[in-house]
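Asker: Following this message is one structure expressed as structure tokens.
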Amino acid sequence: MRKKDFDVVIVGAGPAGLAAGYVLAKAKVNVAIIERGTFPGSKNVMGGIFYRKALDDLMPDFYKEAPLERHIIEQKLWLISEDSVFSTGIRSEKFNKEPYNCFSVFRAKFDKWFAQKVQEAGALIINETVVKDPIVENGKVVGVRTDRPDGDLYCDCVIAADGVNSFLAKSLGLREKITPNKVAIAVKEIIGLPENVINDRFGVSNDSEGVTIEITGPYFEGMETMAFIYTNKNSVSIGVGTIIEDIIEHKVNPNDLIEKFKTHPSIAPLIAGGETKEYLAHMIPEGGYYAVPKLYTDGFMVTGDAAMLVNSVHREGSNLAIESGKLAARTYLEAREKGDFSAKSLSAYQTKMEESFVLKDLKMYRNLPHLLEEKRYLLTKYPQLIIDSMYNIYNVDGVSKPDKIKAIKERLKKDFGYWNLAKDMFTLWRKLG
Amino acid sequence: MIKQDITQYKNVWVFIEHNEGKIERVSLELLSKGAELAKDLGCEVCAFTVGDKVEQFAKEVGEYGAKKFYIIENPVLKEYRTEPWRDAIVYLIDKYKPEVALIGATTLGRDLAGTVATKLSAGLTADTTALDIDPSNKNLLMTRPTFGGNLMATIFCPDNRPQMSTVRPGVFKAVKNPTKPEIIKEKYDITEDKIVKKIIEKVQTGEEKVNLSFYEVIVAGGKGMGKKENLKLLEDLANVLGGTWAVSRKVVQAGWAPQSRQVGQTGQTVHPKIYIAAGISGAVQHVAGMKSSDIIIAINTDPEAPIFEVATYGIVGDCLQVLPKMTEMFKQKLVK
Amino acid sequence: MHSLVFIKQVPDAAQVRVDYETGTLIREGVPAIINPFDTHAIEAAVQIKDKFGGSVSVLCMGPPMADEALKKALAMGADNVFLLSDRVFAGSDTLATSYALWAGAQKVIQEVGPVDIFWAGKQAIDGDTAQTGPGIATRFDVPLVTYAVEIKEVDPQARKIKIVRLLEGGTETVEVPMPCLITTEETLNHIRFAPLPYLIKAARTPVVLLNSSNTTIDASQCGLKNSPTKVKKAFTPPKRERGEMIEGSLDEIVNTVYAKIEPMLKQLGKV
């Protein structure tokens, strides 16, 4: 019989891989996690908001000891144009009570801590090693080949958690080549500021309360862009993510986008006087439900970003990753009972995912990426209309309110046409409802 | 820590490093500096060394101001070996109790100082670039670069004697100040069979020892020189300017030049009047070894190269064109 | 053959920057690495083990986070790793450090067995003193061979080793009996890309923690208070301002440069 080094080899020590590793190690499975970075987290990047729930199910009260920055008590959405901002959002004292909803985090610190927990549970984490290929025998994945000498590892099952560019999922034919309309590039800067300055500027009372601002609108010139500002303890994360197709079409450089964004009259005061401490860039899968590949094959399951599991509307990713890692691990445990790691047996993972919030949420927004691709004006014209209308209504200039409303109606008619407006509203309602 | 009676310790001692019958220049530099310190302390600067025939150095150490010359002569001490030299030196220091002992921060000096200081339980500061006496308590203040020259630290040693330091060559000037030193010759019994370390062979690496810190003009090249043969362009310009040539670590790693020509954290630290950096990107490790040069001229094709951050004058261009042009033009100007 | 390698975890010098306003180093976000010279010491010890059998132990003194350096040493092929970590060591100078490492090594010897070769990097890139290795050799009273660039011959039967070491302007080959202490230059070897089984073993091997209570270390010889040398002040050297870019044709550039440096050349008596 062929040697077996581990029961399960997980590729990638991000949230998906670590969650899977944690569940397996807790169940006394002999599991190894192969990470390409110098330590878990060293190469991991995200906007910086981490939702508690998915991990809390695995590690109750983890947030009490994990290295987190601030818990988020206010989430804002801004529509911005060159000179204006329309702001909406939710701030609630309910968010200010344990066990909290979400947190700002630094992945380098947080993943390292998470990895420590997973190691303590009994998983082996092997750093600075790159998985080059799956080892396939008789059509079945039986291990991985790494870039190290004597680098083959054999196992019952491989769980791919190797990120948006997942080489494994691609080489096994589960995933198609990523097209530029299905992935965004996000550039992000960490800007250092004193704690009290952040508290004052963002209106929170201490360094454990935080605020997030998601920003889109006509300012980004019709590109499908979502920018953000998140508060950390003594820095803010500021980033701009844009669909790559738009970057190419508009011939812009993502670095220029963030540089320009930082000078916007409503953004600049938030970061004034800060010093850029870190600069990061990352690809984000934005294809939504239809981009999610088949999640399994013989001896193989794919999780997290590798399976394109990102809910871009709600900028959720790490919680989907954790949930998928958890479900993949549970599927393995069931398969082990039967001693069957075939595709048929592992298809239970797909079912679990369909039943979970992960695919349900993505399914709800399944048509949105396509819709936005078709109708880019939804990102510019309507927000511009909202901004202008709000400005007009609030601007006291001697024009009566009924006349103002009339002017807005006329503009609607002229710019969109009532029929088109009704159509857009109906489509949005259908696609999101 | 053992409490010492530090009042018993007196005078500034300078170790005379010698090789093949010649004194290392840094030892003479330290005699001159030692004389200044001795003046501040109200004591004498003395030389000391061990070896086979070392009494012959008395004349030269006298020329540079040594009032006394403590020596141990023994044929087995002819060539430097850490342990017997250490034991002989510890014997001298234990017996005569200098309050300061300075050693050149050469390969030999740094090998020797650490082991001598440990035997003596003395405080030792490495690679010092400035020495002063604290006027309030007469402690020696030793200032040295750390973190590759990013941070300077002033170290002192309040309760232990001798206060030892290795001192970087080329920092102080050797100034003649003739005296006739009193020679104090100690006997130290040691025989070859007691020494476990044997020297099998010594090899000179072809070119003579280069002490880059002697030169006021250095023309240095990096990986941007393209290939080994092009290093000749450095030498040509250095010759015209009456200086010497040097290289970055990458050039040494590529095998184009010996390590003895390397400037930087793992090579030599230099501070010439004019430093020309050709095709050197300016990694922190390199900059640490040359940033105290008076004038830095950087030539690099990449306008973003970090070397321009420290350059007095920056030239964006190909060093393979700029260097020969400089040589040609400077030759005309300097011949006049 | 049992090798014991002394290593230090240091901030990656290439990424340390200076805050000129406060005159301090910015260490935040700077990754900690094994002192580069020490990695060559580990590699040399592992190569000896591969050739002659035996084991490699590694001892590191530092804060608890230095266990990462030891994990890395394991991944390079070390077998047993020890972290000497205790508040009583804080502020130790090189004399106190060599004492603590020597005393900590006694525990390693007790646990793993007598040492044939002690190793250390020639110096640490943060302190640059090159004193700790010689200090440890002195305390063990074993021959010291600094600046090793080649391990020429190891004779386990005669218990002798021939080493080529760097001198200024040349090299010398010395022969010493074992045990001895060798400090390593970068050119001693190339760090291999470690095979995967080393990394798996590393992930399974725990870091053994040593402190003043589970060793025979005498706290009265450690730490800032018991170090003969003290830091009076630390400061940053004046910042070098970015200078002037010289532009124009090649002839113009070289002429301008000449005009700029002519006063200096005159001062040097070269014109």
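Asker: Taking each full run of DSSP H in chain B as one helix, which ones are at least 18 Å long along their axis (Cα atoms) and have mean Kyte-Doolittle hydropathy of at least 1.6?
Answerer: Counting only whole DSSP H runs, no helix qualifies.
Asker: Okay, next question. What is the fewest-to-most order of C:167, C:268 by other Cβ atoms lying within 10 Å of their Cβ?
Answerer: C:268, C:167
Asker: Report the antiparallel proportion of the DSSP beta bridges in the protein assembly as shown as a percent, rounded to a multiple of 5. Write out the running numbers ahead of the final one.
Answerer: On the way: 95 of 193 bridges.
Here the antiparallel bridges make up roughly 50 percent for the protein assembly as shown.
Asker: Now for a different question. Taking the Cα centre of the protein assembly as shown as origin and charging only Cβ (+1 Lys, Arg; -1 Asp, Glu), how large is the dipole, in debye to the nearest 20?
Answerer: 600
Asker: So which aspartates and glutamates pass the test for residue A:140, namely a Cα distance under 20 Å, with those fewer than 8 places away in the same chain ruled out?
Answerer: Within the straight-line cut-off, residue A:140 pairs with A:5, A:7, A:152, A:156, A:162, A:176, A:298, A:334, A:337, A:340.
Asker: Turning to a different aspect of this structure: In the protein assembly as shown, if the dipole is taken from +1 on Lys/Arg beta carbons and -1 on Asp/Glu beta carbons about the Cα centre, which of A:208, A:311, A:345 is farthest to the positive end?
Answerer: It is A:345.
Asker: Here's something else I'd like to know. What GluC sites (Glu not before Pro) does the stretch A:57-149 have in DSSP loop regions with at most 14 other beta carbons within 10 Å? Walk me through the intermediate numbers first.
Answerer: Details: sites: A:65, A:69, A:74, A:82, A:93, A:120, A:128, A:137; in loops: A:65, A:69, A:82, A:128.
Here the GluC sites (Glu not before Pro) that fit, given the DSSP loop and packing criteria, are A:65, A:82.
Asker: Helix A:377-394 versus the longest principal axis of chain A: what angle, 0 to 90°, nearest 10, using Cα atoms?
Answerer: Long axis of A:377-394 versus the principal axis of chain A: about 40 degrees.
Asker: While we're here: Around residue B:243, what is the net charge, scoring Lys/Arg as +1 and Asp/Glu as -1 over all other residues with Cβ under 12 Å from its Cβ?
Answerer: Surrounding charge for residue B:243 is -1.
Asker: Taking beta carbons within 10 Å but only from partner chains, what does the mean come to for residues C:131-141?
Answerer: Mean partner-chain Cβ count within 10 Å for C:131-141: 5.
Asker: So, one more: What is the mean number of Cβ atoms from other protein chains located within 10 Å of the Cβ atom of each residue in peptide B:258-270, rounded to a whole number?
Answerer: Average neighbour count from other chains, rounded to a whole number: 2.
Asker: Moving to a separate point now. Of A:273, A:317, A:299, which is the most mobile in a GNM of chain A whose springs link Cα atoms less than 10 angstrom apart?
Answerer: Greatest mean-square fluctuation among the candidates belongs to A:273.
Asker: What order do you get for A:400, C:212 when you list them from fewest to most C-beta neighbours inside 10 Å?
Answerer: Lowest count first: A:400, C:212.
Asker: Same structure, new question: Give me the compactness ratio for the stretch C:1-108, meaning the Cα radius of gyration over 2.2 N^0.38 Å.
Answerer: Output field value: 1.18.
Asker: Now for a different question. In what sequence do A:172, A:18, B:141, C:4 fall when counting other Cβ within 10 Å, fewest first?
Answerer: B:141, A:172, C:4, A:18
Asker: Treating cross-link reach as a plain straight distance, find the lysines whose alpha-carbon is under 16 Å from the alpha-carbon of residue A:406, omitting any fewer than eight places away in the same chain.
Answerer: Partners within reach: A:414.
Asker: Here is a further query. Averaging sequence separations of C-alpha pairs under 8 Å and six or more residues apart, then dividing by the length of chain A, give the relative contact order as a whole percent.
Answerer: This gives 20 percent for chain A.
Asker: Which lysines does residue A:413 reach when only Cα atoms under 29 Å apart count, and residues fewer than 8 places away in its own chain are ignored?
Answerer: Those lysines meeting the cut-off are A:375, A:381, A:401, A:404, A:423, A:431.
Asker: A follow-up question, please. To check you understand DSSP bridge types, tell me what percent of the beta bridges within chain C (both residues inside) are antiparallel, rounded to 5.
Answerer: DSSP beta bridges in chain C are roughly 45 percent antiparallel.
Asker: Ok, one more. Below 8 Å, C-alpha to C-alpha, sequence gap of six or more: please give me the relative contact order for the stretch C:104-190 in percent. Spell out each step's value before the answer.
Answerer: Values: 147 pairs, mean separation 29.0, N = 87.
Relative contact order of the stretch C:104-190: 33 percent.
Asker: What is the average number of partner chain Cβ atoms found within 10 Å of a Cβ in B:317-330? All intermediate terms of the calculation are to be shown ahead of the outcome.
Answerer: Details: counts 5, 1, 0, 0, 3, 4, 1, 2, 6, 5, 1, 1, 6, 7.
Mean shielding count: 3.
Asker: Would the stretch A:1-71 count as rounded, prolate or oblate if I go by the C-alpha gyration tensor, calling it rounded below 1.5 in a/c and otherwise prolate when a/b exceeds b/c, oblate otherwise? Intermediate values should be presented prior to the final figure.
Answerer: Details: a/c = 3.18, a/b = 1.63, b/c = 1.95.
Oblate, because a/c is 1.5 or more while a/b does not exceed b/c.
Asker: Based on Cβ point charges of +1 for Lys and Arg and -1 for Asp and Glu, what charge dipole magnitude is obtained for the stretch A:160-211 about its Cα centre, in debye rounded to the nearest 20?
Answerer: So the dipole magnitude of the stretch A:160-211 works out to roughly 560 debye.
Asker: Classify the stretch A:183-285 from the C-alpha gyration tensor, please: rounded if a/c falls under 1.5, else prolate or oblate depending on whether a/b exceeds b/c.
Answerer: The shape class here is prolate.
Asker: Contact order normalised by length for chain C, with contacts defined as Cα pairs under 8 Å and 6 or more residues apart; what percent is it?
Answerer: 23
Asker: Please return the longest range in chain C lying between exposed loop sites, taking GluC sites (Glu not before Pro), DSSP loop only, at most 12 other beta-carbon atoms within 10 Å, and leaving the sites out. If you can, show how the numbers build up before the last one.
Answerer: Values: sites that count: C:21, C:28, C:241, C:247.
The answer is C:29-240.
Asker: Rounded, prolate or oblate: which fits the stretch B:215-286, taking a ≥ b ≥ c as square roots of the Cα gyration tensor eigenvalues, rounded meaning a/c under 1.5, else prolate when a/b beats b/c?
Answerer: oblate
Asker: Suppose every Lys and Arg Cβ carries +1 and every Asp and Glu Cβ carries -1, with no other charges. What dipole size does chain A come out with about its Cα centre, to the nearest 20 debye?
Answerer: Computed charge dipole of chain A: roughly 920 debye.
Asker: Quick one: among B:303, B:162, B:145, which has the greatest mean-square fluctuation in a GNM of chain B with alpha-carbon springs under 10 angstrom?
Answerer: Comparing B:303, B:162, B:145 in a Gaussian network model of chain B, the most mobile one is B:303.
Asker: Have a look at the DSSP beta bridges in chain A and tell me what percent are antiparallel, nearest 5.
Answerer: 70
Asker: Looking at chain C as a GNM with Cα springs under 10 Å, which of C:203, C:41, C:105 has the largest mean-square fluctuation?
Answerer: Maximum among the listed residues: C:203.
Asker: Oh, and also: Viscosity 1.567 mPa s, temperature 4 °C: Stokes-Einstein D of the protein assembly as shown from its Kirkwood Cα radius, in µm² per second?
Answerer: The calculation lands on 39 µm²/s.
Asker: Need the C-alpha centroid separation for the stretch A:359-433 versus the stretch C:100-167, integer Å.
Answerer: With the stretch A:359-433 and the stretch C:100-167 each reduced to a Cα centre, they are spaced 75 Å.
Only the coordinates and a few stated rules stand behind these numbers; no lab work does. What you see is a predicted model, and the numbers here were worked out from it, not measured in a lab. Positions of Cβ are generated from backbone atoms using ideal geometry, with glycine treated the same way; all protein chains shown enter the neighbour counts.
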